[in-house]
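*Asks:* Here it is, the structure, as structure tokens.
Taken together, the values in this text are just the output of simple stated rules run on the coordinates, not laboratory data. Just so it is clear, the structure is predicted and the values come from calculations on it, not from any experiment. Note that we place each Cβ from the backbone using ideal geometry, even for glycine, and neighbour counts take in every protein chain shown.
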Amino acid sequence: MTAKAPRDPSPSNDTLIHSPDGPAPARLRTWLLLLGLVLVAINLRPALSSVAPLLNDVSRALGLSAAQAGLLTTLPVLCLGLFAPLAPWLARRFGSERVVLGILFVLALGIGLRSTLGTVGLFAGSLLAGASIGVIGVLLPGIVKRDFAAQAGAMTGVYTMALCLGAALAAGASVPLSQLFGDRWDASLAFWAVPALLAALFWWPQARPSHDTQRTQVRVRGLLRDPLAWQVTLYMGLQSSLSYIVFGWLPSILIGRGLEPTEAGLLLSGSIICQLISALSAPWLATRGKDQRLAIVVVMGMTLTGLFGCLYAPVEGLWGWAIILGIGQGGTFSLALALIVLRSSDSHVASNLSGMAQGIGYTVASIGPFAVGVVHDVTGTWGPIGWIFGLLGLGAVIAGLGAGRARQVQVTRDTP
């Protein structure tokens, strides 16, 4: 039968902790799920942010042009979008928890492959890592909506904080790790397979049959015809494009302005750490008002201010601009994830909207890092990329003003 999507049937957290085994074992399972979600989320950015501080070393070692380096930073982001639509299908067939576990091993394989087989391995591993992150990133918001429905805003903040933490650790540690391994950039990149395997170990209990409750034959239809779903998608894609420009190119921009590679990597890491401040607070504050439009404008304004400061302001004040940038981008991304949850009526809709927003959105996002590489290759300077920042930021604000309204996407559900 086909029917309008009802209110979220997912149990609240209070319901989740009730089980025949008593409340204590159920609470333990909830805490294990929370720990697993955090560890998985930490691993969804190191494959992306670990490359930027070493990009000059990688380019020199493998003879990459600026355009090829731009493709290297773009390819994983493009794969986030191209492979995201697979996630709902895999979840229906195997269950979300099992898919997350399997893809964590694929992610570790891709990270390891980047450091072998020269240029071919670098690009093939980046493709595999990007595809893995794309699939997992779609599934986690649906799990949050299902198992933490009453705390969706706070849990989205925790999830975003974990993403930021992973990105910051990789950005700050990549150059020191390379030096620790004897100036081996390949060993530094390969190191990030270890946390992925550790996350798989802690996620393993969630993939047991008794826990695999997300497996379902419910199909959600109509998202592609819903204007609100497109506004959420465009906001996700455009703000993500700015984020991946920062992940992929900010250290190179800063090195071009006179910073040492280690200092540039630390500045990127510090900016990402500052995202922790707004990653948790922005969704919580945004859900206190009638809608999220004002919050979207504020955090995007801070993001653009920080970007222009890092690009044009005197070098002596770069840390201040990086802090503003980090607070802004932590808010833009956490609100993008929160909008997926808030604009969905239940976990099934959230999973499918997440697939659309991240699938199409990240495909759009990949244009930004590639455009930066092409513009720099053509002009030989960093100044003109300010136009890219401005256009992407303006588009994100326009889409965000639509996506931030207190409405839900209108879809139909097909059930067996």
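*Asks:* So, counting K/R as plus one and D/E as minus one, what does the shell of residues with Cβ under 11 Å around Val175 add up to?
*Replies:* -4
*Asks:* Under a crude label model (7 Å from the Cα following the beta-carbon direction), how far is Lys290 from Glu260 in nanometres?
*Replies:* Spacing of the two 7 Å Cα→Cβ label points: 5.5 nm.
*Asks:* Compute the distance in nm between two label points, each set 7 Å from the Cα along the Cα-to-Cβ direction, one at Arg93 and one at Leu198.
*Replies:* 3.2
*Asks:* Please give the contour-minus-distance gain from Arg221 to Trp31: 0.36 nm per residue of separation, less the Cα-Cα distance, rounded to one decimal in nm.
*Replies:* Values: separation 190, 0.36 × 190 = 68.40 nm, distance 3.33 nm.
Extending this stretch completely gives an extra 65.1 nm.
*Asks:* Another question about this same structure. Starting with the highest mean, order 223-234, 343-354 by the number of other Cβ atoms within 10 Å, averaged over the residues of each peptide. Please list the in-between numbers first.
*Replies:* Numbers: 223-234: 19.8, 343-354: 26.2.
Descending packing order for the listed peptides: 343-354, 223-234.
*Asks:* Around Gly125, under 12 Å between beta carbons, what's the net of Lys plus Arg minus Asp minus Glu among the other residues?
*Replies:* Numbers: positive: Arg114; negative: Asp186.
Spelling it out: positives minus negatives among the neighbours equals 0.
*Asks:* Right, another one. How much length is gained if the chain between Leu109 and Trp319 is pulled fully straight, taking 0.36 nm per residue apart and subtracting their Cα-Cα distance, in nm to one decimal?
*Replies:* Numbers: separation 210, 0.36 × 210 = 75.60 nm, distance 3.53 nm.
Stretched out fully, the Leu109 to Trp319 stretch lengthens by 72.1 nm.
*Asks:* Continuing with the same structure: Calculate, in nm to one decimal, what Tyr312 and Gln410 gain on full extension: separation in residues at 0.36 nm each, minus their alpha carbon distance. Spell out each step's value before the answer.
*Replies:* Details: separation 98, 0.36 × 98 = 35.28 nm, distance 4.37 nm.
30.9 nm is the gain from fully extending Tyr312 to Gln410.
*Asks:* Same structure again: Report the residue, chosen from Gly166, Gly331, Gly112, that carries the largest GNM mean-square fluctuation when the chain is represented by alpha-carbon nodes joined by springs under 10 Å.
*Replies:* Greatest mean-square fluctuation among the candidates belongs to Gly112.
*Asks:* If each of Thr305 and Val374 carries a label point 7 Å out from its Cα toward its Cβ, how far apart are those two points in nm?
*Replies:* Distance between the two pseudo-spin positions: 3.2 nm.
*Asks:* Same structure again: Place the peptides 63-74, 123-134 in order of packing, highest mean first, counting for every residue the other Cβ atoms within 10 Å and averaging per peptide. Walk me through the numbers before you get to the answer.
*Replies:* Values: 63-74: 18.7, 123-134: 24.2.
The packing order, highest mean first, is 123-134, 63-74.
*Asks:* For the range 2-414, what does the relative contact order come out to in percent, with C-alpha contacts under 8 Å and a separation of six or more?
*Replies:* 29 percent.
*Asks:* Taking the chain as a Gaussian network, where each spring joins two C-alpha atoms under 10 Å apart, which residue of Leu33, Leu75, Leu325 fluctuates the most?
*Replies:* Top of the fluctuation ranking is Leu33.
*Asks:* What is the Cα convex hull volume of the range 2-414 when expressed per residue in Å³?
*Replies:* Each residue corresponds to 124 Å³ of Cα convex hull volume.
*Asks:* Which one, Val158, Leu259, Gly121, is farthest towards the positive end of the dipole of the range 2-414 when Lys and Arg carry +1 and Asp and Glu -1 on their Cβ?
*Replies:* Going by the charge dipole, the pick is Val158.
*Asks:* Let me ask you something else. Highest mean first, what order results for 275-285, 46-56 on Cβ atoms within 10 Å?
*Replies:* Details: 275-285: 22.5, 46-56: 26.2.
Per-residue Cβ counts within 10 Å, averaged per peptide and sorted highest first, yield 46-56, 275-285.
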